[in-house]
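Readers should treat all values here as calculations from the given coordinates under stated rules, not as data from a laboratory. The shown structure was predicted, so the numbers you read here are calculated from the model rather than taken from an experiment.
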Amino acid sequence: MPPSRTSYVCLPCRGSYKQSYGPERERRCPRCARPMIHAGSAFQPPRRRDTEGWRVLSVLLNAGIRFHKSCCGGPGYRPRTLHEVRARMSYARATGEPFARALVRCEVP
């Protein structure tokens, strides 16, 4: 059976690279040599010119949210716009809910 592939992201270069998943070791960007972030096997990167998409992705990855497959076929809800991110961050501040949990909420009450 071939090794599973997963995505690693370099936020400054806006690059995403599929690599075989193995023992955790630091992966470096082939362009800038900075450490890359493990994004998960169900990750689909935004287009390189999509500035807003990369800003949203930066917030998600820095909050510890990853894109792993689940038993139902996908990683679950992830915000796609800065408006959705801001709404969830405001909700988290108002209720005391952790940012990472608020960011993956489908709907904000």
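Computed values, structure above
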{"quantity": "Residue tally, condition among the hydrophobic types (A, V, I, L, M, F, W, C) and under 11 Å from Val9 (Cα atoms), over region 28-43", "calculated": "5"}
{"quantity": "Options Pro109, Pro98, Pro46; residue that is within 22 Å of Leu11 (Cα to Cα) and not polar (S, T, N, Q)", "calculated": "Pro46"}
